[in-house]
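Only one structure is covered here, and it is reproduced in the block below.
All of the numbers you see were taken from the coordinates with simple rules; none came from a lab. Computed from a prediction, not measured in an experiment: that's the story for all the values here. Cβ atoms come from the backbone with ideal geometry, glycine included; neighbour counts cover every protein chain shown.
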Amino acid sequence: MSLSLIQLTDWDADRFEGFARQVLAHKNQGGFTSLIRKSISLLFLEPSTRTRLSFERAAHHLGYSVSLLSGVQGSSLEKGESPSDTFLNLIAMQPDAVVVRSSDAFPLIDLAAQTDIPLICAGWGKKAHPTQALLDAVTLFEHWQSLQQQRILFCGDLAHSRVLASHRELLSGLGIAVGFWSPPEWQLSNLLPNEILFTHKKEALEWAQAIIGLRWQKERHESDFDLNADLKSYQLKQADLLGLKNSPLILHPGPVGWGEEFHSDIQCYPFNKILTQVHNGVWTRAQLLLTATRGQL
Ligand code: CP
């Protein structure tokens, strides 16, 4: 049994549905019972709001204590200690699980293999964000009660998204149809059998039962983009969605680029699930921490 959560390639429909039902049962009963007190360490080497705070809230729900190292300032990273050494020192303090957000360069898989302390990836450069993919899927499962036969469209900056990288692993394993619609410069080149590329906005939106927007990630681009009419035509607004027969749900992992991938009027779209995702992130991460600290990841 794996001790880390980095990739989602071994999740199938049964595993996901069992997990989602546990998350939602705890959410609906408002907490967990009969817990043994544990400790977790959070190592956030890159900025975060939702993921870091929701892991802290999740630990609170479980009655776990949290040690947090967030950013370089005030830590020995400032004195030149490497992120790998920092990780190994955290592990030497023997937490019951460790949660890591890092850049692409951080050797997450190698370090996970060096310890028997469960490791949960909380965002790894452009490579992975498995807890976000799971909480998005839990949010869709909560709404539809099943993900079978559903069609999920991703739009925005596909090329630079770690959220999408993890969704592709998860959704292909669940056999779910995935569509893409994005500016040509941020498209994907290799499609999996369950994936389809749209070039027309109307066709893509009419196909989708849920749309997951992805931020235009300026910090990962080689040059600044020009928000010209061409690029703005890839922005999603309420007028694109109202009147569609399928009334697609709208999701976004956050932070949202209002005025970029989404027009600000999406905030008032009736099937907007963005803050439900944030809420479900706490319960999804609590379930993952519980599973990890029981050695059952
Ligand atoms: N979705 C997400 O990872 O948000 P943060 O960067 O704020 O954690």
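Brief remarks follow.
- Distance from the Cα centroid of the stretch 188-261 to that of the stretch 141-165 is 11 Å (rounded to whole angstrom).
- Dipole magnitude of the stretch 144-241, debye to nearest 20 (Cβ charges: Lys/Arg +1, Asp/Glu -1, about Cα centre): 280 debye
- Under 23 Å from the Cα of K27 - lysines, other chains or at least 8 residues apart: K38, K273
- Distance in nm between pseudo-label sites at Q29 and Q187 (7 Å out along the Cβ direction from Cα): 4.9 nm
- Per-residue HN-Hα couplings for the stretch 271-282 [Karplus 6.51, -1.76, 1.60; θ = phi - 60°; Hz; x = Gly/Pro]: 9, 7, 10, 4, 7, 5, 4, 4, 4, 5, x, 5
- Relative contact order, percent, the chain [alpha-carbon distance under 8 Å, six or more residues apart]: 22 percent
- Between L77 and K245, the FRET efficiency estimated from the beta carbon spacing at R0 = 45 angstrom works out to 0.30.
- Simple spin-label estimate for S233 and I196 gives 2.2 nm between the two label positions (7 Å along the Cα-to-Cβ direction from each Cα).
- Relative contact order for the stretch 82-217: 21 percent, from Cα pairs under 8 Å spaced at least 6 residues apart, divided by residue count.
- Structure remark: mean-square fluctuation, Gaussian network model of the chain, C-alpha springs under 10 Å; the largest value among A13, A229, A204 belongs to A229.
- The listed peptides 150-159, 233-242, ordered by packing as a protection proxy, come out as 150-159, 233-242 (highest mean of other Cβ atoms within 10 Å first).
- Packing-based ranking, highest mean first, of 19-32, 184-197, 283-296 given that Cβ atoms within 10 Å are counted: 283-296, 19-32, 184-197
- FRET E, pair S223, S103, Förster distance 22 Å, beta-carbon r, rounded to 0.05: 0.65
- Label-point separation in nm, H143 to Q267, each point 7 Å along Cα→Cβ: 2.0 nm
- Across the stretch 248-261, coupling constants 3J(HN,Hα) worked out from phi with the 6.51/-1.76/1.60 Karplus curve, θ = phi - 60°, read x, 6, 10, 10, 7, x, x, x, 7, x, 5, x, 10, 5 Hz, and Gly and Pro carry x.
- Rounded to the nearest 20, the Cβ-based charge dipole of the chain about its Cα centre (Lys and Arg +1, Asp and Glu -1) stands at 840 debye.
- Subtracting the Cα-Cα distance of L53 and L68 from their residue separation scaled by 0.36 nm leaves 4.3 nm.
- Gyration tensor verdict on the stretch 159-261 (Cα atoms; rounded if a/c is under 1.5, prolate if a/b is larger than b/c, oblate otherwise): oblate
- Candidates L88, H167, A128 compared by Cα position along the dipole of the stretch 51-199: farthest toward the positive end lies H167, with charges placed on Cβ.
- Computed over the stretch 173-264, relative contact order equals 32 percent, with contacts defined as Cα pairs under 8 Å that lie 6+ residues apart.
- Degrees separating the helix 50-62 axis from the principal Cα axis of the chain, which is the longest one: 50 degrees
- Sorting the segments 245-256, 133-144 by their residues' average number of neighbouring beta-carbon atoms within 10 angstrom, most packed first, yields 133-144, 245-256.
- Highest-MSF residue in the chain out of G74, G63, G125 [GNM, Cα springs under 10 Å]: G74
- For the chain, projected area of the alpha-carbon convex hull averaged over all directions, nm²: 15.7 nm²
- Cα long-axis angle, helix 83-92 against the chain (0 to 90 degrees, to the nearest 10): 50 degrees
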